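The values are calculated or read from the model by the stated rules, or taken from the named source; none is laboratory data. Model, not experiment: these values are computed from the prediction. Backbone-built Cβ (ideal geometry, glycine too); neighbour counts: all protein chains shown. Note: areas computed on protein heavy atoms with side chains; ligands, DNA, RNA excluded. Shrake-Rupley method; radii C 1.70, N 1.55, O 1.52, S 1.80 Å.
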Amino acid sequence: APVHPSMAAASSSSCGGAGCGTHCSSSTSSSVEDAPEGILGRLSISGAAASCGKCGGGAVVVVAGGVGLCGECLRAQLFGKFKLAVTSNAMVRPTDSVLVAFSGGPASRVALQFIHEMRSKAIESWDASNSQALPVFNVGAAFVDESVLLSKPECEVEQATEDIKSLVSSLLPGDKAMHIASLDYVFSSESKDGKGRLRELVGMITDDTGREDLLQCLRMLSLQKIALENGYTKIMLGSCASTIACHVLSATVKGQGYSLPADIQYVDTRWEVPVVLPLRDCLAQELSLLCEFDSLKTQELLDRPCSGINGLVASFVARLREENPSREHTIVRTAQKLKPFPFNKFSANGYHDFLPSRLRPKFQDVDSDESASSEVLCLICRSPFSESELQNFESTRRKSQKKIDLYTAYCCQSCHFQILPGGRDLYDHFFSLIPRFWTERADTASASHSSLRDQIEDYLLEDDDDGN
């Protein structure tokens, strides 16, 4: 069923400090226009007479699965999807510390709100429990400031950052709960001029798509660094079905079809701190509507617009959405048929004690052959190598005489074409600018492989003159 056109307008709205409801982060007084009744009146599909198909009361604000839902039922449905994703995939254990990647947009705002509510209910249950045997997980939020690469007035950047601090502190009191780091934070331990190094690195990439993909990788590295330095055990992203649908199409265009299943699962443990996606089944428009209905303040001033292939795909998916809002779900469901990687499950160790038996099959046995086989991951984007990339990688690594050749071999084909500079004479400078953490990881993997080869060298067959 078609969705009211005003849904598109809701995607960028926020309470702006007004319209406070039960779940609002602002403490200012609400206006009549931004009250929930006003929102329902503006966004209902057929005027005030339209009633919710689930509860029978309240005006319809969105059609989901062919059923018109009011604001309260929309909230209940989205929270149900979020909670089901978290519990059925055991994303959060009682002993975990969860770091929510907060951008200020509607998706991350809802993720922060929902995980806060789950923790509040867990605390209530813990207080009411006689045994109080299991602890309650902790929650923090991290914002990666990319203003160093944006041409925005400093006063606007400072105001946006203060808004984000205020927004998060209303849910997560305490200085330790909020972490704000500039994008050049990844160079903090190895360079005094991190901002200059970041600008020089980004300036070496001529491809718009490659530049945007590199920034995405640096953003994830910043989150990983924040999590590791502050003792977090999970990173929660606000990636929703709309975001994932765009990624599915753009990854296909970039030739990343083999590694695509790794990026679209609920769980991703290939990182030092595992990443989880609890909003994978929610649409961006629904999350934006919920922010408006619940008066959840958002702050998107510091967002970077998409460019290159990513921008073209985003506009294409937006046109598909206008024709049929379910297209995004269709794209994601189609991609879900691809076989996930072993690292898209948590290992059984440390989880079975907290799980009912019906959920235990979702976890891999750490002693199985599948989990023992390690994937070769790209040095920059952490994409697993395909069979052809592996063959090229092994061939290049055996012949490599310099570290630059080794680093180049550890880059996937997509990074080769879009991120690495055009001339090989620029590789030395490029790899000297990227975060040392990436190159050290390649050095460690290479040293481990060489050590293993030395141990079994006496048992290897020598190549004949034909290379067989």
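Here are the numbers:
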item: Heavy atoms of Ile123: accessible area, 1.4 Å probe, square angstrom to 10; result: 60 Å²
item: Span from the segment 293-327 Cα centroid across to the segment 208-233 one, whole angstrom; result: 21 Å
item: For segment 74-345, share of DSSP beta bridges that run antiparallel, in % to the nearest 5; result: 10 percent
item: Hz values of 3J(HN,Hα) by residue in segment 236-248 - Karplus curve (6.51, -1.76, 1.60), Gly and Pro given as x; result: 9, 9, x, 5, 9, 4, 5, 5, 5, 4, 5, 5, 4
item: Amide H contacts under 5 Å for Asp145, placed H, 5+ residues apart; result: Ala181, Ser182, Leu183
item: Packing rank of 96-102, 253-259, where each peptide gets the mean count of other beta carbons within 10 Å, highest leading; result: 96-102, 253-259
item: Arg436-Leu338 pseudo-label distance in nm [points 7 Å out on the Cα-to-Cβ vector]; result: 3.5 nm
item: Amide H partners (placed H, <5 Å) of Leu379, local residues excluded; result: Cys411, Cys412
item: Exceeding the 26 Å Cα-Cα cut-off - candidates Lys345/Lys402; Lys54/Lys345; Lys54/Lys339; Lys234/Lys339; Lys192/Lys234; Lys195/Lys345; result: Lys345/Lys402; Lys54/Lys345; Lys54/Lys339; Lys192/Lys234; Lys195/Lys345
item: Accessible surface, 1.4 Å probe, highest first, among residues Arg436, Arg398, Arg109; result: Arg398, Arg436, Arg109
item: Where Asp145, Asp263 fall by accessible area, highest first, once all protein chains stay in place (1.4 Å); result: Asp263, Asp145
item: For segment 380-395, Karplus couplings with θ = phi - 60° (6.51, -1.76, 1.60), whole Hz, Gly/Pro x; result: 9, 9, 6, 6, x, 6, 7, 4, 5, 5, 5, 4, 5, 5, 5, 5
item: For Ser97, distant residues with modelled amide H under 5 Å away; result: Asn138, Thr233, Lys234
item: Under the Karplus curve 6.51 cos²θ - 1.76 cosθ + 1.60, θ = phi - 60°, whole-Hz ³J(HN,Hα) for segment 213-223, x wherever Gly or Pro sits; result: 5, 5, 4, 5, 5, 5, 5, 5, 4, 5, 4
item: Dipole in debye (nearest 20) - segment 74-345, about Cα centre, beta carbon charges: Lys, Arg +1; Asp, Glu -1; result: 960 debye
item: Accessible surface, 1.4 Å probe, highest first, among residues Lys54, Lys192, Lys234; result: Lys192, Lys54, Lys234
item: Sites Leu426 and Gln401 - FRET efficiency at Förster radius 25 Å, r taken between beta-carbons, to 0.05; result: 0.85
item: Nearest-10 value in Å² for the accessible area of Asp303, using the 1.4 Å probe; result: 60 Å²
item: Mean separation of Cα contacts under 8 Å, 6 or more apart, over the residue count of segment 140-225: relative contact order %; result: 38 percent
item: Residue-level accessible surface for Cys155, protein heavy atoms, 1.4 Å, Å²; result: 90 Å²
